[in-house]
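The values are calculated or read from the model by the stated rules, or taken from the named source; none is laboratory data. Quantities reported herein were computed from a predicted structural model and do not represent experimental measurements. Using ideal geometry, Cβ is built from the backbone for each residue, glycine included, and neighbour counts are taken over all protein chains shown. These area figures cover heavy atoms from the full protein model, side chains too; ligands, DNA and RNA do not enter into them. Shrake-Rupley method; radii C 1.70, N 1.55, O 1.52, S 1.80 Å.
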Amino acid sequence: MVKIVLEVGFSQVVQSKDIRKYFQRGVSLCKRQVNIINNILSEENLPSPKRWESEISSSTIPPFSNKLMLYHIVVLVSAAMGFYGKGLSVAQRQDLALQYVRLITDIGKYAEDGANLLIKYGWMEQPPMAPDRTALAKKEVID
């Protein structure tokens, strides 16, 4: 719920079109995930959390830099993946475990795209990569 509110607010004020598009995609993804969780809660006659979209101001003046807003969302996405993973590790019900796997799968690509945006703008270094052994083996050898 917090991430939805932040992404809606950030998408109003961010100066970059591709970061705005990323935030808007995040809102859509989070709303789908909240609906999945709310349906599970509803089936068990449990209350759903309150939504906070009505609390977002109508300002279009950025209070933070694009870098800070994007970094904040990427960190929240990473935390969400960790929370889903923890939930999956203790889920006793197969239906819940299946939903956690689905949520992790959905958010995984979004997390990668956020990291790629940080790299694109030079706000994060590309993480160390494994050597391409096939390419290394194709190098010419001098006798």
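A few points about this structure:
- Measuring r between the beta carbons of Gln12 and Ser65 and using R0 = 22 Å, the FRET efficiency lands at 0.90.
- Result for the chain in a Gaussian network model with C-alpha springs under 10 Å: among Asn116, Asn45, Asn66, the largest mean-square fluctuation is at Asn45.
- Across Lys50/Lys86; Lys17/Lys86; Lys3/Lys120; Lys67/Lys109; Lys3/Lys109; Lys3/Lys67, pairs whose alpha-carbon gap is larger than 27 Å: Lys17/Lys86
- DSSP loop GluC sites (Glu not before Pro) with at most 10 other Cβ within 10 Å: longest gap in the chain: 45-124
- Within the accessible area of region 86-133 (1.4 Å probe), percent carbon and sulfur: 56 percent
- Within the chain, longest stretch free of exposed chymotrypsin sites (Phe, Trp or Tyr not before Pro) [DSSP loop, at most 16 other beta carbons within 10 Å]: 65-120
- For region 59-71, the Karplus equation 6.51 cos²θ - 1.76 cosθ + 1.60, evaluated at θ = phi - 60°, returns couplings of 5, 10, 8, x, x, 9, 6, 4, 4, 5, 5, 5, 4 Hz by residue, with Gly and Pro reported as x.
- Value of relative contact order over the chain, rounded to a whole percent, pairs C-alpha under 8 Å and six or more apart: 25 percent
- Debye intensity ratio in log₁₀ form over the Cα atoms of region 26-113, taken at each q of 0.14 Å⁻¹: -0.62
- Net charge over other residues, Cβ less than 13 angstrom from the Cβ of Leu6 (K, R count +1; D, E count -1): -2
- Using a simple spin-label model with pseudo-atoms 7 Å out from Cα toward Cβ, Glu125 and Asp95 lie 4.8 nm apart.
- On Cα atoms only, tilt of 17-43 relative to the major axis of the chain in degrees: 50 degrees
- Taking label points 7 Å from Cα along the Cα-to-Cβ direction, Leu46 and Val2 give a separation of 1.9 nm.
- Between the beta carbons of Ser78 and Asp132, assuming R0 = 25 Å, the FRET efficiency works out to 0.45 to the nearest 0.05.
- Integer Hz, Karplus 6.51/-1.76/1.60 couplings in order for region 86-102, x for Gly and Pro: 5, x, 4, 5, 10, 5, 8, 9, 5, 5, 6, 4, 4, 5, 4, 4, 4
- Cα pair count fraction exceeding 16 Å, expressed as % - region 28-77: 62 percent
- Region 71-109: trypsin sites (Lys or Arg not before Pro) falling in loop per DSSP and having at most 11 other Cβ within 10 Å: Arg93
- Scanning residues 5 or more positions from Met124 or on other chains, those with amide H under 5 Å from its amide H are Ile119, with H placed 1.01 Å from N in the peptide plane.
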